[in-house]
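Chemist: I am attaching a structure below and will ask some questions about it afterwards.
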Amino acid sequence: MLKALVMVASVANCLGGIVLIATWAMMWQHVPIIVPFIGVSLLIQGGYTLLYLRGDLGRWGDLATGALFAGESLSACVGAGGLLQGIIHNLQNADMEMAPVLAGLLMLVQAILALLYLLVGDRLAPRFKT
């Protein structure tokens, strides 16, 4: 069940990243340059997690798991910061920008779910070859 939730969140991140990149590409005169970078971040986060969950990174062994743990830990921090910054911005200004809030929420939720998947499944314990 948790794996399915992580997969859904990862697909949502990929789609959100594509939407942000496409939005900037179509309206680059009116959209800040940071938007495609956030989109690429969401796309990488979701894509790597999907590859990991499907087992495509199995040949990397513990390195793939460690990279997922490090990336999702960082994504949780960045997502939480983006979410808080978006909320604070919206409270202080009348323009109500929802894209930063949603991007931060997407990033944070997927990171939390992926970290729970790693912790609950005991995938962070090193496997020794005997």
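The values are calculated or read from the model by the stated rules, or taken from the named source; none is laboratory data. Nothing here was measured: the structure is a model prediction, and the numbers come from that model. Methodologically, a virtual Cβ is constructed for each residue, glycine included, from the backbone with ideal geometry; neighbour enumeration extends over all protein chains shown. Ligands, DNA and RNA are stripped out before the accessible areas are found, and what is left, the full protein with its side chains, is counted by its heavy atoms. Shrake-Rupley method; radii C 1.70, N 1.55, O 1.52, S 1.80 Å.
Chemist: Looking only at region 1-22, count how many residues are open to solvent by 60 Å² or more (accessible area, probe 1.4 Å) and without any contact (Cβ under 8 Å) to a residue 40 or more places away in the chain.
Modeler: Adding up the residues that qualify gives 6.
Chemist: When you go through G17, G39, G61, G66 one by one, which is the residue that is of a type outside the set (V, I, T) and on the phi > 0 side of the Ramachandran plot?
Modeler: Only one candidate passes the filter, namely G61.
Chemist: Would you check if there is a residue in region 96-103 being open to solvent by less than 80 Å² (accessible area, probe 1.4 Å), at pLDDT below 95 and acidic (D, E)?
Modeler: no
Chemist: Something else about it: Restrict the check to region 74-87 and report whether at least one residue is open to solvent by 70 Å² or more (accessible area, probe 1.4 Å), touching a residue at least 40 places away in the same chain (Cβ under 8 Å) and closer than 17 Å to L124 by Cα.
Modeler: Checking region 74-87: not a single residue is open to solvent by 70 Å² or more (accessible area, probe 1.4 Å), touching a residue at least 40 places away in the same chain (Cβ under 8 Å) and closer than 17 Å to L124 by Cα.
Chemist: Residues being surrounded by fewer than 16 Cβ atoms within 10 Å (Cβ to Cβ) and either within 20 Å of L83 (Cβ to Cβ) or in contact (Cβ under 8 Å) with a residue 12 or more places away in the chain (or both): count how many of those fall in region 23-46.
Modeler: 6
Chemist: Determine whether L124 is assigned to a helix (DSSP H, G or I) and not small (G, A, S). Walk me through how you get there before you give the answer.
Modeler: On the way: assigned to a helix (DSSP H, G or I): no; not small (G, A, S): yes.
No.
Chemist: Does L115 fit the bill of being at pLDDT 85 or above and open to solvent by 80 Å² or more (accessible area, probe 1.4 Å)? Spell out how you get there, then give the answer.
Modeler: On the way: at pLDDT 85 or above: yes; open to solvent by 80 Å² or more (accessible area, probe 1.4 Å): no.
The answer is no for L115.
Chemist: Specify the residue that is modelled with the lowest pLDDT; the eligible residues are those in region 58-73 that are of a type in the set (A, V, I, L, M) and open to solvent by 20 Å² or more (accessible area, probe 1.4 Å).
Modeler: Here is the first cut: in region 58-73, the ones of a type in the set (A, V, I, L, M) are 63-64, 67-68, 70.
Next, only the ones that are open to solvent by 20 Å² or more (accessible area, probe 1.4 Å) stay: 63, 67, 70.
Values: L63: 89, A67: 93, A70: 95.
In this case the residue turns out to be L63.
Chemist: G55 - would you say it is at positive phi and exposed (fewer than 14 other Cβ atoms within 10 Å of the Cβ)?
Modeler: yes
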